[in-house]
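Written below as structure tokens is the structure these notes are about.
The values are calculated or read from the model by the stated rules, or taken from the named source; none is laboratory data. Everything numeric in this text was worked out from a predicted model, so none of it was measured. Neighbour counts run over all protein chains shown; Cβ positions are idealised from the backbone, glycine included. Side chains are part of the model used for accessible areas, which takes the heavy atoms of the whole protein and leaves out ligands, DNA and RNA. Shrake-Rupley method; radii C 1.70, N 1.55, O 1.52, S 1.80 Å.
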Amino acid sequence: MTENNKKVIVVGAGIAGLAAAIYARRSGFDVTIYESHIIPGGLSTSWTRKGYLFEGGMHWLTGSSEKMPLNAVWKELGALQDNNPIMVKDPFYTLINGDKHLCLYRDLDKLQKHLVEYAPEDTKAIKKMCKDVRLFQSVHCIVSDLPGLKVETPHNPTLKELCLMGKAAPRLLPLINESYLHYIHRFKNEDLRHLFQTVIGLRYNALSFIYTLAAFSTGDCGYPIGGSIRMAQNMAKTFEELGGKIQYRSPVTQVVTENKKVTGIICKEEFVPCDAVIVTQDTRQAIDTLFNPPLNEHWANVMRKNAIGEQNMFVCLGVKATFKHLPKAVVYPLEKPFEAGGLKFDELRINNYSEYQDHSPEGCTSLTCLLLGDSYEYWKKAKEDGTYKEKKKDLCDRFIAEVEKFMPEIKGNVEVTDVATPCTYERYCHTYQGSWMSVWTPKGKAINYPIKDKEISGLYFAGQRVQMPGGLPIAVGTGRTAAQHLCRDNKIKFI
């Protein structure tokens, strides 16, 4: 590592911020991360309550498989090490309806055979879906370098890789233009619809669904033992061992610019000078809150107009019982919709951590449930009218009563409860309306925003909001690209 005298500040110690900071520090910059929270990880987060670990940010990792190009990036950053080996659960989800089990197997041939046996009336639709999934098995997140950049370890897709991915091109537009809900309602069997309806949020297009199934079927999307917090801690340790600094409990309130050039930040009412800033806080939030006046560039206004956030309510239970007899992710179809946050849900997907290390005390289990959808305004209103805590408790009580119907061991054994709402994620992660991804709607454009600002020198952006639909692969990829822009602008080799 060759040192230079350029001082860089990274706003946020989420996955994008840690990635940008590690690469920038490795390339010789003097780098400090300013983080408002007390831990790293940002939206890729988990928390502990009385010995129970609740995984609130990562339920699978794109690039967990060594076959994927992104895996090399995770390892370069120290995110994946010996202390968090990958668990690959199969089946990925299992629907239980009485004595019947419907499984979402990873192996596509096995999945097709199982689905056809379960729902022969849907044979044609099942085969069509599996054909679509096969087309997208070669489509994955590519890793590439900026043109004109000196790179110590180049990463670029091969021609063969691109050609294989190109085979899926004829189905791109049809799947983008079709809604996820319309696609799965081709299936006559209600259990199939219940199972498929839990894979992603209901507002997405069909491509998002098919691409996700394709990723599962390749053996990717495993879960690093220890979850998101261990992965983030690994990255933070990598950064600090390189000589980088992380300032926790240090919210940045403004990025200071003069004459179209970054000069520093304001943190705790103090000005901190620097040569460049990489903003990895939610970009949709940052363009309005971190600049005085708010950014008024064309791309920022496009983002204001088009950003649709994916939110969730996250219900957590610490139960004094084991559920090793149940799948790791089980879907229960409901006779009547479960109402929460102004939304209705026809099934509940329960994440069962009985067999996961360090997630609960001996003989106990952490159970969680994601209720996806736009409930932000509901919870924001509850905050304003003083009913927030009451409504969270009511949601949790009704949830426990509903789940007891399927998992009777819960009754009388719930030791810990916790409910996170979009307002929770907004408070701790400063995200736009408490969202953690961007919804790629049917017929919607996958809008990508500039990582290097076009008008202000020394200003860069990274994170899940910069490229649709977001998530961990986008966070780490944009963090890496932001560091590459920094290096290229300063004529420094990227390491």
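About the Cα centre of the chain, how large is the charge dipole given +1 on each Lys and Arg Cβ and -1 on each Asp and Glu Cβ? Please answer in debye to the nearest 20. Kindly include the intermediate steps, with their values, before the conclusion.
On the way: 62 positive and 55 negative charges, 201 e Å.
Using Cβ point charges on Lys, Arg, Asp and Glu, the chain gives about 960 debye.
Note down the nm distance, to one decimal, between modelled labels 7 Å out along Cα→Cβ at residue 67 and at residue 297.
3.9 nm
How high is the relative contact order of the range 409-495, given as a whole-number percent (alpha carbon pairs under 8 Å, six or more residues apart)? Show your work: numbers first, answer last.
Details: 91 pairs, mean separation 16.9, N = 87.
It comes to 19 percent, rounded to a whole number.
Between residue 271 and residue 169, what is the spin-label point distance in nm, taking each point 7 Å from the Cα along the Cα→C-beta axis?
Here the answer is 5.3 nm between the modelled labels.
Per residue of the range 421-428, what does 6.51 cos²θ - 1.76 cosθ + 1.60 with θ = phi - 60° give for ³J(HN,Hα)? Whole Hz please, x for Gly and Pro, Karplus curve as stated.
Karplus-based 3J(HN,Hα) across the range 421-428 equals 10, x, 5, 5, 5, 5, 5, 8 Hz.
Taking only C-alpha pairs under 8 Å that are 6+ residues apart, what is the relative contact order of the chain in percent? Walk me through the numbers before you get to the answer.
Values: 1043 pairs, mean separation 119.8, N = 495.
Computed over the chain, the figure is 24 percent.
Please turn the phi angles of the range 206-216 into ³J(HN,Hα) values with the Karplus equation 6.51 cos²θ - 1.76 cosθ + 1.60 (θ = phi - 60°), one per residue in order, whole Hz, x for glycine and proline.
5, 4, 4, 5, 5, 4, 5, 4, 5, 4, 4
Of 98, 400, 120, which is farthest towards the positive pole of the chain's charge dipole, taken about the Cα centre with +1 and -1 on the beta-carbons of Lys, Arg and Asp, Glu respectively?
Of the candidates, 120 comes out farthest on the positive side.
Just need the relative contact order of the range 1-108 here, percent rounded to a whole number, with Cα pairs under 8 Å and 6+ apart. Intermediate results must be reported in sequence, preceding the final value.
Numbers: 120 pairs, mean separation 17.6, N = 108.
RCO, the range 1-108: 16 percent.
Any idea what the dipole of the range 355-460 comes to, in debye rounded to 20, about its Cα centre with Lys/Arg Cβ at +1 and Asp/Glu Cβ at -1? Don't skip to the end; give the middle numbers.
On the way: 15 positive and 18 negative charges, 125 e Å.
Approximately 600 debye in magnitude.
Take the cross-link list 245/383; 127/328; 75/443; 67/305; 75/320; 124/405 and give me the ones stretching past 28 Å between alpha-carbons. Before the final figure, lay out the partial values.
Values: 245/383 36 Å; 127/328 26 Å; 75/443 36 Å; 67/305 38 Å; 75/320 36 Å; 124/405 34 Å.
Checking Cα-Cα distances, 245/383; 75/443; 67/305; 75/320; 124/405 exceed 28 Å.
Calculate how steeply helix 376-385 sits against the longest principal axis of the alpha-carbon atoms of the chain, using the helix alpha-carbon long axis, and give the answer as 0 to 90 degrees to the nearest 10.
80 degrees
How large, in percent, is the carbon and sulfur part of the accessible surface of the chain at a probe radius of 1.4 Å? Please list the in-between numbers first.
Values: 10780 of 21180 Å².
Here it works out to 51 percent.
Hey, got the Cα dimensions of the chain along the principal axes, in Å, largest first?
Over the chain, Cα extents along the principal axes are 67, 55, 43 Å.
Sort 329-338, 149-158, 453-462 by the packing proxy (mean of other Cβ within 10 Å over each peptide's residues), most packed first. Spell out each step's value before the answer.
Working: 329-338: 16.2, 149-158: 12.7, 453-462: 21.1.
Going by the mean number of other Cβ atoms within 10 Å, highest first, we get 453-462, 329-338, 149-158.
Can you pull out the trypsin sites (Lys or Arg not before Pro) in the range 371-420 that DSSP calls coil and that have at most 10 other Cβ atoms within 10 Å? Write down the numbers at each step before the final one.
Numbers: sites: 380, 381, 383, 389, 391, 392, 393, 398, 405, 411; in loops: 405, 411.
The qualifying sites: there are none.
Per-residue ellipticity at 222 nm for the chain, helices alone: DSSP H runs ≥ 4 residues times -39500 (n - 2.57), over residue total, nearest 500 deg cm²/dmol? Walk me through the numbers on the way to the answer.
Numbers: 16 runs with 169 residues, N = 495.
Using -39500 (n - 2.57) per qualifying helix, the result is -10000 deg cm²/dmol.
Hey, what's the chain come to in accessible area per residue, 1.4 Å probe, Å²?
That works out to 43 Å² per residue.
Leaving out ligands, DNA and RNA but keeping every protein chain, what accessible area does residue 364 have, in Å² rounded to the nearest 10, with a 1.4 Å probe?
Taking all protein chains as shown, residue 364 has close to 10 Å².
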